[in-house]
Amino acid sequence: MADWNNGPIKNTLPRAGVDGGEVIITCEGYNTSDYSACRVMFGEQRGRLVSASPTRVIAAVPDCGIGVSASELNLEGAGENFNAPFTLGAKIADNLHPVANPAIDRDDGSVFVTLSGTRGQKVPVSIYKISPDDTVSPFITEIVNPTGMAFNREGTLYVTSRYDGTLYKISPFKEVQTVASDLGVATGIAFDRRGEIYVGDRSGTIFRVNEIGESRPIASIEPSVSAYHLTFGPDGDLYVTGPTVSSNFESVMRIDSNGNPVRFYTGLGRPQGLAFDTEGNLYVAASLRGHRGIIRITSDGQKAEVLVSGSTLVGLAFDDHGNMIVVSTQRVYRLPLGIKGYSVF
């Protein structure tokens, strides 16, 4: 255990973040008499000071190089130096374009992310593979606007395309095969315990696709202005987010086995990718009371808090080593938070 010299630091919210996020440090008697001496350091990296008073300091998490991380922050001022635990996520890839959760291959821990591009844009490589040693390599080129990705029980990667409304699967030889088409603006994807596939058409429909590619609508919800994001919870229900025109009062929807949607939690801004832990807590890339990041919602849907701060986060996934893999609109990060993620398989 680290020997923290907390001094005037009473609390930090949140206690994890990536570049662009903001951290609120609650203090008691922090010396701000010489404002030029006031600094917040995230490990060896200096954060931008947003504001400072004897009782509260707000700092922005700095933009760091690939692989840079930290496990504490330091509050400095007028010859004083106090520290507190803080997890600075390590950036492991840049210059991509994720629009939903990353996908993790449970066989070897590789992370798959998209360079999705604008509507109809054919990019040279549309899906990249990040190996366990953080080597980034091209994986697939054929799919235009890949959006949602998920592995089935056998370890086959399935991908939706919002461009052509198609669900694809990728063979071990990187052959792209069509599973189902005519799925509208196909975005989110999730597997249930039986191995059936659920695909979200952002126009307002959730489809269920069986193993031979037959699809049928099973639920209707409010259309999204960008995408649907899907995941199954430990309770067996399907959870869906999809940003609408409501900026800060949007909901996570829960859909039961009969296709009945109810509001699970309301009060988020632009909710996107989501995932569960084994204790039933739900994690969502969203804003809560004006603070963007990864929001943790209790299993009963009654309480929510910002767990990871980040300004442009769109998705997340948990690997088998207690790490949260987080993606922004351009980057991929790893945060060792010790959380065990839930999987239907």
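The values are calculated or read from the model by the stated rules, or taken from the named source; none is laboratory data. Predicted model only: the values in this text are computed from it and were never measured. Reconstructed Cβ throughout: ideal geometry from the backbone, glycine too, with neighbour counts over all protein chains shown.
Overview of values
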read-out: Residue satisfying condition, being over 18 Å from the mean Cα position of the chain (by Cα) and on the phi > 0 side of the Ramachandran plot, within set Gly79, Gly65, Gly109; value: Gly79
read-out: Number of the exception - Tyr163 against (1) under 23 Å from Val113 (Cβ atoms); (2) over 24 Å from the mean Cα position of the chain (by Cα); value: (2)
read-out: Residue list for segment 63-91, restricted to those being of a type outside the set (S, T, N, Q) and buried (at least 19 other Cβ atoms within 10 Å of the Cβ); value: Cys64, Ala70, Leu73, Leu75, Gly77, Ala84, Phe86, Leu88, Gly89, Ala90, Lys91
read-out: Qualifying residue in segment 296-311 (condition: modelled with pLDDT under 95, over 20 Å from Phe191 (Cβ atoms), out of contact with any Phe, Trp or Tyr (no Cβ under 9 Å at 6 or more places or on another chain) and buried (at least 19 other Cβ atoms within 10 Å of the Cβ)); value: no
read-out: Matching entry among Tyr163, Tyr168 (being surrounded by 15 or more Cβ atoms within 10 Å (Cβ to Cβ), part of a loop (DSSP other than H, G, I, E, B) and out of contact with any Lys or Arg (no Cβ under 6 Å at 6 or more places or on another chain)); value: Tyr163
read-out: Unique match (being part of a loop (DSSP other than H, G, I, E, B), touching a residue at least 60 places away in the same chain (Cβ under 8 Å) and outside the structural domain of Glu305 (by TED's automatic domain parsing)) among Gly20, Gly29; value: Gly20
read-out: Single residue of segment 51-67 satisfying the filter (in contact (Cβ under 8 Å) with a residue 12 or more places away in the chain and of a type in the set (Gly, Ala, Ser)) that is farthest from Ser309 (Cα to Cα); value: Ser53
